1. Hey, rough spin-label estimate for Q163 and R452, points 7 angstrom out along Cα→Cβ, what's it come to in nanometres?
2. Roughly how big is the range 20-85's charge dipole about its Cα centre, with Cβ charges of +1 (Lys, Arg) and -1 (Asp, Glu), in debye to the nearest 20?
3. What is the sum of charges around L116, taking Lys and Arg as +1, Asp and Glu as -1, for the other residues whose C-beta is under 11 Å from the C-beta of L116?
4. So who's got an amide H within less than 5 Å of the one on G391, skipping anything under 5 residues away but keeping other chains? H placed 1.01 Å off N, in plane.
5. Roughly what % antiparallel, to the nearest 5, for the DSSP beta bridges in the chain?
6. Given only helices, namely DSSP H runs of n ≥ 4 each adding -39500 (n - 2.57), what is the per-residue ellipticity at 222 nm of the chain, to the nearest 500 deg cm²/dmol?
7. Extension gain E319-R203, at 0.36 nm per residue separation less the Cα-Cα distance, in nm?
8. Report, in debye and to the nearest 20, how large the dipole of the chain comes out about its Cα centre when Lys and Arg carry +1 and Asp and Glu carry -1 on their Cβ.
Amino acid sequence: MTTPARQLHVVFLPFMASGHTIPMLDIVRLFAARDHVTSTVITTPYNAPNITKSLENCKTGTNSTISIHIIPFPSHEPESGLKDGIENLDQVTSQDLYSKFVFSAQLLKNPVQRFLEETRPHCLVAAFFFPFATDIAAKLGIPRLDFHGTGFFPKCAMAVVQQYQPHNSVLSDTEVFTLPNLPHQVKLTRLQMSGAGSADMARFIAVAAQAGMKSYGEIFNSFYELEPDYVQYYRNVLKRKCWPIGPVSLGNRGKTVSDSEHKCLEWLDSKESNSVIYVCFGSTTKFSVPQLKEIALALENSGKMFVWVVNKGKGEESEDEERIQSRGIIIRGWAPQVLILEHRAVGGFVTHCGWNSILEGISAGIPMVTWPVFAEQFYNEKLVTDILKIGVQVGSKKWNVMTEGTFLKSEEIEAALKRIMVGIEALEMRSRAKKLKDLAREAVERGGSSYRDLSSLIHELRSRQP
Ligand code: UDP
């Protein structure tokens with residue numbers, strides 16, 4: 001007779017920003033789909049309804065449950081410098097508020113610690129932006145798993161930059177340097193480097209990176225077959241414990257579609273396969289009105305149909321957008337991105353290279369135009385274009401928090417669109433992308449590499465229990 005598995009209690013602390021919360025909730029679902037796992041998600045009042053909705057009807061294993069623990073977000077604390085009511089990075093519109101938001105979130109330390117002391121879980125999975133998690137977990141003698149939300153290649157690239165400082169050996173911000181000691185030759189300029197926006201923020205990122213490295217190990221939304229050289233580099237050279245368990249969007253993410261979303265998908269149903277370009281720059285990036293105008297012109301001149309998600313910071317609908325509506329759909333607000341990307345009519349993706357978007361594009365098997373803006377997006381671009389060779393660079397040259405650093409003309413954008421949609425080069429990229437799509441699906445199926453990695457992580461966490 002086999003001994004019944006012990007109940008495992010895992011607490012998740014997602015960072016309050018769509019691009020961070022979405023994949024962490026996917027991870028919660030993956031844990032909950034296994035047997036004998038109690039999952040608790042810590043969040044704040046403003047964020048709780050979305051999280052509850054997103055986890056509704058989630059398929060759970062035998063004796064597995066999900067609950068939510070709500071603690072107040074400290075935006076009302078005088079030291080936060082935030083307006084009361086700001087509880088999610090998606091609500092933030094400036095670089096200054098971006099830093100204030102990240103720093104205020106650190107005030108969650110005490111309530112999180114109290115909750116852990118009261119409940120004594122077996123593990124804390126905390127976002128990269130909560131460096132305090134490593135210390136409070138250590139105090140309680142439980143492992144903290146770090147979830148940065150990016151891939152192995154960008155993490156390795158950032159690690160070698162930190163270690164060898166190759167940017168200090170060039171004379172100007174535009175001179176190209178090579179990232180040393182990586183399995184591929186990857187080139188970058190100082191202008192594209194993942195800057196942190198401000199000195200305070202740079203210090204914070206360094207502290208968070210250190211706390212991540214000191215944590216028990218790291219969960220990745222990636223899969224071994226996508227970046228095997230870099231999974232090995234992470235394990236063997238950087239000597240880190242890590243579990244690639246993605247693409248997490250291929251798990252049992254909710255698929256309820258609203259009426260307006262339906263309209264977009266219905267419109268796609270009427271289009272030929274691989275004929276439509278999907279354009280979206282993630283949840284926080286907002287381009288200037290003149291830049292939006294150039295995008296509109298490029299879409300018009302490309303002769304292709306499109307679905308364009310316009311997250312405008314400033315300004316009203318431009319004439320250009322109105323004029324080109326006949327050839328596409330413009331979504332202001334939240335698009336059902338995964339459903340759009342996976343629609344057979346969509347044949348190209350213009351992306352800001354957020355890691356989730358990259359993995360969702362790969363899972364859908366479509367070539368990309370890469371338009372990185374900030375965070376680690378310039379590194380992600382290199383993976384797509386130089387290593388995987390499933391995309392082309394639009395020509396973004398300068399890192400800038402949340403908005404374009406390089407102004408791109410419609411001709412440059414149009415040229416990149418054509419390269420992923422028309423001709424031999426496009427066909428070759430599409431065929432490579434389709435192979436990765438198949439590998440992604442195999443990885444998450446029972447017996448696949450990501451499935452097995454999650455099994456071995458859960459097994460390891462259980463076996464640590466006294
Ligand atoms: N997303 C979406 N609809 C939108 C914009 C974004 O579903 O209109 C989702 C997208 O599918 C992805 C996440 O939001 O899962 C964005 O994460 P990413 O890492 O790509 O970029 P970030 O928003 O963090 O810059």
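Every read-out reported here was derived from the displayed coordinates using simple, explicitly stated rules and does not represent laboratory data. Here the structure is a predicted model, which means the values were calculated and not measured. Here the Cβ is made from the backbone with ideal geometry for all residues, glycine too, and neighbour counts use every protein chain on show.
1. Each label point lies 7 Å from its Cα, and together they span 2.7 nm.
2. Values: 5 positive and 6 negative charges, 59 e Å.
My answer is approximately 280 debye.
3. Numbers: positive: K109, R114, R120, K139, R144; negative: E117, E118.
Overall, the nearby charge balance is +3.
4. M368
5. Working: 2 of 45 bridges.
Antiparallel bridges: around 5 percent, rounded to the nearest 5.
6. Details: 17 runs with 189 residues, N = 466.
My calculation for the chain gives -12500 deg cm²/dmol from helical runs alone.
7. Values: separation 116, 0.36 × 116 = 41.76 nm, distance 4.32 nm.
Full extension of this stretch gives 37.4 nm more.
8. On the way: 51 positive and 49 negative charges, 268 e Å.
Using only the charged Cβ atoms, the result is roughly 1280 debye.
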